[in-house]
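Rule-based calculations on the coordinates, nothing more; no lab input. Note that the coordinates shown come from a computational prediction; the quantities given were computed from them, not determined experimentally. Using ideal geometry, Cβ is built from the backbone for each residue, glycine included, and neighbour counts are taken over all protein chains shown.
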Amino acid sequence: VTDQAFVTLATSDVYGLGALVLGHSLRHHRTSRQLVILITPQVSSSIRTVLDNVFDEVIEVNGLDSGDTAHLALMKRPDLGITFTKLQCWTLIQYSKCVFLDADTLVLCNVDELFDREEFSAAPDPGWPDCFNTGVFVFRPSLQTYGRLLQFAGVHGSFDGGDQGLLNSFFHNWAVKDIDKHLPFLYNLNTSSTYTYLPAFRQFGHEAKIVHFLGAVKPWSYKYNPQSRNAYQELDSPTGHHDPQFVNLWWKVYSSCVVQNHICSDSLNLVNSVSQLSIEIKTELSDPEDRKRWEEGRMDYMGRDSFENIKKKLDRFLEQ
Ligand code: UDP
Ligand code: MN
């Protein structure tokens, strides 16, 4: 199928690597659709080269230099920079239908059936389920829709300062009008759902089709131990509550991309060896069960392995 595409977006190198992992996962699960990425000039040429290997089209966009509606709307709303960039997916009129996926998503199986859905289909947002989450959505490229979106943005702005607020206002009857436009949550599973609704995650989590690493901490904010194949978080960095099995899976795919695409991992500073400090903490775990959990990446971030507890251990260690 050449007139339908999965579309993602990257405005920087790290998001570019996220997109690379996403593209790789779509290929791995043998999608029959085209893969397209929108990038901005900030993405370096080395990352573009690796993106070229995975995506059918790498399209550079730049919301600022078109002297048209986009420019005018942008002048009025300088706060909506990346949002405007995302809206440009509606300009891909060489495709009749597309599925947008955030660069921080990962597909776990073939999801081509999403193309059976119509514009505008999306899954509920975990924080406010009467709103849809814009990490995964089905749309039809159209310059007319694009123009209307820009005009709408110029007049109304976005209630959350991003694309999600804007698109929820624009497609405002999504919550009530047509249940076929509600994608199951399994197509946009928030990887923190382990913590927000554990029983549901236990019941349904194994059916996940697309996972989304929502929030400020992304898989690439973690460190990775290639020997044990575990991602872990540095003690002094902001804590993400993503389920460790999904973070480890992201890193597994990333590692294979690194190998296949000959990415120089040192220069990207993404693959890291275990720091001395975290080895010290691990050796303090006397209970073999605890050690096993740690080594399998199943840290209890909210409980005994929470930042506060680890910090206490660390303080004790440093006092000795
Ligand atoms: N994005 C980007 N560069 C940025 C921020 C966002 O390219 O600096 C793109 C990327 O595709 C990302 C999407 O916009 O997945 C939405 O942002 P993000 O995923 O960080 O937001 P969240 O899903 O956590 O709300
Ligand atoms: Mn996202």
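Tabulated data
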| quantity | calculated |
| --- | --- |
| Amide H contacts of Tyr224 (H built 1.01 Å from N, under 5 Å, at least 5 apart or other chain) | Tyr232, Asn272 |
| Net charge contributed by nearby residues that have their C-beta within less than 11 Å of Val58 (K/R +1, D/E -1) | -3 |
| Electrostatic dipole magnitude of the stretch 79-147 [Cβ: Lys, Arg +1; Asp, Glu -1; Cα centre; debye, to 20] | 260 |
| Under-5 Å amide H pairs with Leu108, H placed in peptide plane, nonlocal only | Ile210, Val211 |
| Cross-link pairs Lys223/Lys252; Lys86/Lys223; Lys181/Lys209; Lys209/Lys252; Lys86/Lys181 - those with Cα-Cα distance over 24 Å | Lys86/Lys223 |
| Pairwise FRET efficiency - Arg229 versus Gln42, Cβ, R0 = 41 Å, nearest 0.05 | 0.85 |
| Under 11 Å, Cβ to Cβ, from Leu17 - net charge with Lys/Arg +1 and Asp/Glu -1 | -1 |
| Cβ-Cβ FRET estimate between Leu143 and Glu207, R0 fixed at 35 Å, reported to 0.05 | 0.40 |
| Given charges at Cβ of Lys, Arg, Asp, Glu: the stretch 162-231 dipole, positive-most of Ala175, Ser192, Gln164 | Ser192 |
| Cα→Cβ-extended label distance, 7 Å offset, between Ile82 and Phe159, nm | 2.1 |
| Calculated from backbone phi, Karplus (6.51, -1.76, 1.60) coupling profile of the stretch 37-49 in Hz, x at Gly/Pro | 10, 8, 10, 10, x, 5, 6, 6, 5, 5, 5, 4, 4 |
| FRET efficiency for Val1 and His241, using Cβ-Cβ distance with R0 set to 45 Å, rounded to 0.05 | 0.75 |
| Positive minus negative residues near Gly215 (Lys, Arg vs Asp, Glu; Cβ under 13 Å) | -3 |
